[in-house]
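Take a look at the structure set out below.
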Amino acid sequence: MNLSDKDLNLFVVFDVIYTERNLTKAGEVLGITQPAVSNALSRLRENFNDELFIRTSKGMAPTPVAENMVNDIRQALDLIRNSITESESFTPRQLMPLSEFLLGILLNIDCYQS
């Protein structure tokens, strides 16, 4: 599977459908319409050649393929979210203690080379 031609946002939709078990509720959580969620699910089904979620009287039930994928998808989404959160909260001031430490090491090295 080539990631460059895949819409990775579909994994967010997958995760919310898995949690909510309802396409309308998933749309509300995602801030998109139920038809948009249905469209995303269709694309997921095509990508994975599996139904992924089957409509039942209790909502959308995950297939065995979806059950096997959910933990990996959630871990990947968590890594992405954490990376984004860390980079958004980064400020150059956070480098000051490290830069002072490195400057001290460089000065010490320079003293020994003289």
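In the range 14-39, of all residues being within 16 Å of THR63 (Cβ to Cβ) and within 12 Å of the chain's Cα centre (by Cα), the one that is surrounded by the most Cβ atoms within 10 Å (Cβ to Cβ) corresponds to PHE14.
Taking every residue in the range 39-67 that is more than 13 Å from PHE14 (Cβ to Cβ) and part of a strand (DSSP E or B) and pairing it with any residue that is of a type in the set (Val, Ile, Thr) and at pLDDT 95 or above, at least 6 positions away or on another chain, the pairs with Cβ-Cβ distances below 9 Å are ILE54/THR63; ALA61/ILE54.
Among the residues of the range 37-90, just one is hydroxyl-bearing (Ser, Thr, Tyr) and within 11 Å of TYR18 (Cα to Cα), namely THR63.
Looking across ASP15, ASP5, ASP50, one residue alone is touching a Lys or Arg at 6+ places or on another chain (Cβ under 9 Å) and charged (D, E, K, R). It is ASP15. Among the numbered conditions (1) assigned to a helix (DSSP H, G or I); (2) within 15 Å of the chain's Cα centre (by Cα); (3) of a type outside the set (Lys, Arg), the only one that ASP7 does not meet is (1). In the range 48-58, the qualifying residues are those that are surrounded by 14 or more Cβ atoms within 10 Å (Cβ to Cβ) and not aliphatic (A, V, I, L, M), and the one that is nearest to the chain's Cα centre (by Cα) is PHE48.
The values are calculated or read from the model by the stated rules, or taken from the named source; none is laboratory data. The shown structure was predicted, so the numbers you read here are calculated from the model rather than taken from an experiment. With ideal geometry, Cβ positions are generated from the backbone for all residues, glycine too; neighbour counts draw on all protein chains shown.
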